[in-house]
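Here is the structure we will look at.
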Amino acid sequence: MLCIVAFAVVLVLSAVSAKYRKLLGRAWGCVWRKATFRPCDSSFRDDVKSSLLAPLAVRAPGLVRPASIAIEVVAWLMVLSFVVSLYIVGRSGLNLYVYGTCDKQDGQSCSLAAEMCSIDTGPIGFWESIGQGDVLGAFGNEFASLGETIAAVPSRLRAWDATEFAAADASYLGGFTAGRPVALEILDPGCRFCAQLFRNMVESGFDRTHNVTYLVYPISSDGTPRFANSPLVANYLTAIRAFDAAAGSPRGGDWFVLEKLFTQENADGLEWQVWMNNASAADAEAQLQAWLTEAGYDDTAVARVAELTTSDTVAATLAHTREVVENDVQTRAIPSLITDGRLHSGLVDVATLRDAG
């Protein structure tokens, strides 16, 4: 391993000084022999070690042997560290390309990722497993996760069609307009980046050049929602679509609710989304029903929508949506936007939306 470390050092030094370049060929020859499982050139190896130990041999000859062993150990550690670093960089880059974040287990921790509310699914991370004493599980989960990422690469090279993933009873922002391309957003009502994306769409005019629809996906971990009332809002959005579809006259009540959540404030100047994320379930449901009334639904319609929120139909729709998001789209970022043949992971800025229009 010493010759590999020496090659790395000589390579750097030869870039700044010509006197080291004559050693570069010998160092590379030694590395190549190691890479092809042949013994290293002993003369080069001994020359490197002798140059390091010579000062110590003069001052403390008895320490030469321990120092020689220490040099070999340090060389092994440096090479191992280099290999691990290369693996981490490669894995992170692959995750960034496939999922839009370099860390699948904690997408928001990646400084290179787009702004997002991450879907932190799958097994626990490598070091968490090590901390629990599960060494075999740590390596097993790590390589299984890498295999999953590699398997997802072809899907990122495809041409994405939003209509392929849209709900059967999909509703559209401002209504459906023939001739416009369909754009699909995957959103969590409690995620602030979903609210920002909605505002970006309006500012850029994207909603006027595309038929924008959505899949509602409340982020959860071990059955606990990231935002306490997102499942309730998701139930209502899905129930409103089902009610409108059954009535045969889409009234856009779900988009009215989303617009309230994402763009408006209550009487106290607090954003409705922030209020909803912190409200009790009873207060949140009462407010959702009040918005439906404001959107033009009469008491009978509101009662029917409320009834549908606990129905098997709504539960099945949301379960299907979760399957589509996790298994078909395989995104780790909320919001995600499918438009113009591409999948955008995380928040999309105004300029990008304007160019898409």
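The values are calculated or read from the model by the stated rules, or taken from the named source; none is laboratory data. Being a predicted model, the structure only gives us computed values, none of them experimental. Here Cβ is always computed from backbone atoms with ideal geometry, including for glycine, and neighbour counts include all displayed protein chains. Areas reflect the complete protein model, heavy atoms only, side chains present, ligands, DNA and RNA absent. Shrake-Rupley method; radii C 1.70, N 1.55, O 1.52, S 1.80 Å.
Here are some notes:
- The value of relative contact order for region 241-309, using C-alpha pairs under 8 Å at least six residues apart, is 28 percent.
- Over all other residues within a Cβ to Cβ distance under 9 Å of TYR236, the charged ones net out to -2, with Lys and Arg as +1 and Asp and Glu as -1.
- Counted residue by residue at 0.36 nm each, then reduced by the alpha carbon distance between them, the extension gain from ASP299 to ASP222 reaches 24.1 nm.
- According to the calculation over all Cα-Cα pairs in region 142-231, the P(r) per 5 Å bin from zero is 3, 12, 16, 17, 19, 17, 11, 5, 2, 0 %.
- Accessible surface of region 127-219, 1.4 Å probe, proportion on carbon and sulfur as whole %: 59
- Mean sequence separation of contacting Cα pairs (under 8 Å, at least six apart), scaled by the length of region 210-256, corresponds to a relative contact order of 25 percent.
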